[in-house]
1. Within the stretch 101-135, how many residues are over 26 Å from D78 (Cα atoms) and in contact with a strand residue (DSSP E or B) (Cβ under 8 Å, 6 or more places away or on another chain)?
2. So if I check each of K111, K118, which one is modelled with pLDDT of 95 or more and farther than 24 Å from R32 by Cα?
3. Could you go through the stretch 122-132 and let me know if any residue there is on the phi > 0 side of the Ramachandran plot and surrounded by fewer than 15 Cβ atoms within 10 Å (Cβ to Cβ).
4. Going through the stretch 146-160 one residue at a time, which ones are more than 28 Å from I92 (Cα to Cα) and surrounded by 13 or more Cβ atoms within 10 Å (Cβ to Cβ)?
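The values are calculated or read from the model by the stated rules, or taken from the named source; none is laboratory data. This structure is a prediction, so every number in the text was calculated from the model and none was measured. Methodologically, a virtual Cβ is constructed for each residue, glycine included, from the backbone with ideal geometry; neighbour enumeration extends over all protein chains shown.
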Amino acid sequence: MVKMFKPVVCLGLLMTVATSCTIKPGDYRVYRVAVHGTSLNCQFKNPADYTEDTYFDPAILAIYASDDNTYFLEDGDDAFYGTRSGKDFTFIGEYQHVREFDDEDMPVYSKDFRTIEKLNTLYALNITNKEIFGTVTLARTDSCTGSEDDCDLVGVNDRVCADVYEIFGSEVDDADIDYLLAGEGLGGGAGDS
């Protein structure tokens, strides 16, 4: 009797693990996560005031499937397109903003110039049962063709850099969608740049 019971228990455990990792169309998984910057090369911090910290910031993420091969991650006000390979999920977002400045319209500037701001967001996440962990990388490429004063005035200077954050958390049981929409994401989208 014991020999028969053991395979049934293992089969039940296997079915639970297999179904808990699958996000199917119609599923909406909500995750409460802690976020910590591991490499913040884009952040402008005054070294006299800041050295480092071990604080984690709280955030809420949600993942849903629109079909069997298409996934989306919601992060605050932004949604990112993603793919899946087993337990690994990848979500990407690309943003570019070009502004033209004309000294005839705005005589405060020394000449005609333009700025280009680019932000690429990459989430690399692993979901195992209810646990979620991974990283989000925010890669920035900004350029300004004006003078240093012009670029300072519009707040865009030449830079190529990336911020990397680690993410740890777990799925929230029976999450209320209103609670999710009121929550804050990681700030990885274009509206937060």
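1. Counting residues in the stretch 101-135 that are over 26 Å from D78 (Cα atoms) and in contact with a strand residue (DSSP E or B) (Cβ under 8 Å, 6 or more places away or on another chain) gives 5.
2. K118
3. Yes: the stretch 122-132 contains one or more residues that are on the phi > 0 side of the Ramachandran plot and surrounded by fewer than 15 Cβ atoms within 10 Å (Cβ to Cβ).
4. Hits for the stretch 146-160 are G146, S147, D150, C151, L153.
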